[in-house]
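The structure appears right after this line, and notes come after that.
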Amino acid sequence: MNLTKILSEGTIIHSSGTTGPSKPIYQPVSKIKAANKIARDVQEINKKSKILTVCKLDHAGGLFAQTLPAFEIDAEVKIENFNAFRWVQIINKFTHSHLTPGMAEAVTKTKSWRDLDLSGIVITCGSDRVSHDCIQDFINKDCTFIVNWGMSEVGPIAINKIFKKGMQIDYLEGYSLMGDTSFINTKIINNELFVKGEICVFDDWFATGDLIKKINNNYWFDKRKDQF
């Protein structure tokens with residue numbers, strides 16, 4: 001994948017399929033650049049950062065959460081297929097990594113997890129529900145853990161919350177936390193989240209299909225609109 005070309009021409013990625021049938025979505029340069037800046041600001045990615053990318057680059061999280069934002073400013077990026085045992089072995093050589101909830105759970109089940117120290121490392125987690133236990137497991141290791149919501153059409157750093165060791169973890173039965181900080185305009189109509197802004201591939205309000213609640217600035221995911 002030619003990352004330099006993507007920064008100058010945009011690219012097409014396919015949605016992951018977790019929020020409906022997978023489909024191709026064009027990512028314009030303006031959206032990519034705006035999303036890259038937000039990703040760097042939120043995660044404090046700079047030229048000295050070292051990124052471990054283990055998510056596939058043909059999906060939004062793998063390409064846009066950390067990889068392209070770091071590549072744009074010439075930070076170090078290591079890209080390889082995910083292996084939970086190897087991730088635990090090498091993560092301390094890096095400053096940042098992005099995991100899906102499934103990957104995060106796999107990492108915590110390795111034998112080496114018990115003695116792992118993640119001090120000074122930033123871990124973002126998204127693409128599916130991030131559980132209360134997952135957040136707790138990671139912040140207990142002293143990392144900065146960022147619960148993140150985004151879609152192939154928006155973000156990927158669109159709504160999130162940053163957790164650190166000792167922080168209280170929000171909980172709402174039957175819901176999963178999306179975040180408490182939004183980097184895009186939002187509105188809720190009949191419980192469905194609509195978004196609009198420079199990190200969305202559409203100019204007008206986009207109906208995400210996610211049914212949510214917003215309580216005291218926290219966004220909570222319930223289910224997809226087409227789920228029964």
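Brief remarks follow.
- Residues (under 18 Å from His96 (Cα atoms) and surrounded by fewer than 24 Cβ atoms within 10 Å (Cβ to Cβ)) located in segment 148-167: Lys161, Ile162, Phe163, Lys164, Lys165
- Filter result for the condition that a residue is more than 25 Å from His59 (Cα to Cα) and among the basic types (Lys, Arg), over Lys161, Lys165: Lys165
- Those residues of segment 168-191 which are modelled with pLDDT under 95, in contact with a helix residue (DSSP H, G or I) (Cβ under 7 Å, 6 or more places away or on another chain) and open to solvent by 40 Å² or more (accessible area, probe 1.4 Å), in sequence order: Tyr171
- Matching residues, segment 59-90, being assigned to a helix (DSSP H, G or I) and under 14 Å from the mean Cα position of the chain (by Cα): Ala60, Gly61, Gly62, Leu63, Phe64, Ala65, Gln66, Thr67, Leu68, Pro69
- When Lys109 is tested against (1) of a type outside the set (Gly, Ala, Ser); (2) under 14 Å from the mean Cα position of the chain (by Cα); (3) open to solvent by 80 Å² or more (accessible area, probe 1.4 Å), only condition (2) is not met.
- Set side by side, the residues Lys93, Lys48, Lys56 differ, and just one is of a type in the set (Lys, Arg), within 14 Å of the chain's Cα centre (by Cα) and open to solvent by 10 Å² or more (accessible area, probe 1.4 Å), which is Lys56.
- Matching residues, segment 100-132, being within 14 Å of Lys164 (Cα to Cα) and part of a helix (DSSP H, G or I): His132
- For segment 198-216, a residue qualifies if it is under 14 Å from Trp149 (Cβ atoms) and not charged (D, E, K, R), and the qualifying residues are Ile199, Cys200, Phe206, Thr208, Gly209, Leu211, Ile212.
- Residue match in segment 196-215 (condition: farther than 21 Å from Tyr26 by Cα, surrounded by 15 or more Cβ atoms within 10 Å (Cβ to Cβ) and of a type in the set (Gly, Ala, Ser)): no
- Residue match in segment 18-38 (condition: of a type in the set (Lys, Arg) and not in a helix (DSSP H, G or I)): yes
- Those strands (runs of 3 or more DSSP E) of segment 148-228 in which at least 2 residues are basic (Lys, Arg), considering only elements entirely within it, cover 206-215, 218-224.
- Pairing each residue of segment 104-126 that is acidic (Asp, Glu) with any residue that is open to solvent by 20 Å² or more (accessible area, probe 1.4 Å), provided the two are 6+ apart or on different chains, yields C-beta distances under 7 Å for Asp117/Lys141; Asp117/Asp142.
- Among the residues making up segment 117-135, those that are of a type outside the set (Ser, Thr, Tyr), more than 17 Å from the chain's Cα centre (by Cα) and open to solvent by 20 Å² or more (accessible area, probe 1.4 Å) are Asp117, Gly120, Asp133.
The values are calculated or read from the model by the stated rules, or taken from the named source; none is laboratory data. For clarity, every value in this text was computed on a predicted model and none was experimentally measured. Positions of Cβ are backbone-derived with ideal geometry, glycine not excepted, and every protein chain shown enters the neighbour counts. Accessible surface is based on the protein model in full, side chains and every heavy atom, while ligands, DNA and RNA are left aside. Shrake-Rupley method; radii C 1.70, N 1.55, O 1.52, S 1.80 Å.
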